[in-house]
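Heads up, the thing below is written out as C-alpha cells.
The values are calculated or read from the model by the stated rules, or taken from the named source; none is laboratory data. Model, not experiment: these values are computed from the prediction. Positions of Cβ are backbone-derived with ideal geometry, glycine not excepted, and every protein chain shown enters the neighbour counts.
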Amino acid sequence: MSIQLAESESQMLGCFPVISQLRPHLEQTKFVEQVRYQMTQGYQLVFLEVEKQAVAIAGFRISNCLASGKFLYIDDLVVDELQRSHSYGQQLFQWLIEYARNYDCKHLSLDSGVQRFAAHRFYLMQRMSITSHHFSMEL
C-alpha cells in the first residue's frame, strides 16, 4: 500500500474509475485535461494504491480566507465501492490531515451532499464537526 500525489497522466487515469463513482458526470477522455487545469489553481489529486490499483482518491487544495485563515479543502474523497471497510478512507484522510499540518494549515474542511449519510458517519468518526450549512444556486 502507498499514498502518493498523482502527477503523471497514467496516474491520473488510474484514479478515474474510482473518482467517477463519486463524480459520474465526468468523462474519461476529458478527465486529465480537467485535472491539469484545476492544478493551475492549486488542486492536487492523491491516491491510495493497493497492488498497483488506486482504491481511494482525494482531490484537494490549500487556500486562505478571512473566516478560517489557511486551510486544506477537500473537493473529492472516495473509496472504491468494492474496497470499502478496509480502512483505506481513514488512512487517506489521516494523510490529508498530516499534509495540511505540514503546510501550516489551521483547518481542514469539506462539503458533503445532504444525501450522503454513510459519508457523514465517516466524517463524524474522524472527529470532524458540522460547522455550517452550504448554500448554492445554479446560474
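The table below gives the values:
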{"read-out": "Residues of the range 50-61 classified as surrounded by fewer than 16 Cβ atoms within 10 Å (Cβ to Cβ) and β-branched (Val, Ile, Thr), total", "value": "1"}
{"read-out": "Within the range 99-115, tally of residues that are at pLDDT 85 or above, over 14 Å from the mean Cα position of the chain (by Cα) and not polar (S, T, N, Q)", "value": "6"}
{"read-out": "Residues of the range 89-118 satisfying the condition of being surrounded by 14 or more Cβ atoms within 10 Å (Cβ to Cβ), without any contact (Cβ under 8 Å) to a residue 40 or more places away in the chain and either farther than 15 Å from Lys70 by Cβ or among the aliphatic types (A, V, I, L, M) (or both)", "value": "Gly89, Gln90, Phe93, Ile97, Ala100, Leu108, Leu110, Ser112"}
{"read-out": "Among the candidates Phe31, Phe47, residue that is under 20 Å from Tyr123 (Cβ atoms) and surrounded by 14 or more Cβ atoms within 10 Å (Cβ to Cβ)", "value": "Phe47"}
{"read-out": "In the range 84-139, the residues that are hydroxyl-bearing (Ser, Thr, Tyr) and under 17 Å from Gly59 (Cβ atoms)", "value": "Tyr88, Tyr99, Tyr103, Ser109, Ser112, Tyr123"}
{"read-out": "Whichever residue in the range 1-20 is assigned to a loop (DSSP other than H, G, I, E, B) and closer than 12 Å to Val46 by Cα and, among such residues, is farthest from the chain's Cα centre (by Cα)", "value": "Ser8"}
{"read-out": "Criterion violated by Ala119 - all others in (1) at negative phi; (2) small (Gly, Ala, Ser); (3) modelled with pLDDT of 85 or more satisfied", "value": "(3)"}
{"read-out": "Residues that are among the polar types (S, T, N, Q), farther than 11 Å from Leu77 by Cα and either within 13 Å of the chain's Cα centre (by Cα) or in a helix (DSSP H, G or I) (or both), drawn from the range 21-62", "value": "Gln28, Thr29, Gln34, Gln38, Gln44"}
{"read-out": "Selection from the range 64-82 of residues that are surrounded by 15 or more Cβ atoms within 10 Å (Cβ to Cβ) and over 14 Å from Ile3 (Cβ atoms)", "value": "Ser68, Phe71, Leu72, Tyr73, Ile74, Asp75, Asp76, Val78, Asp80"}
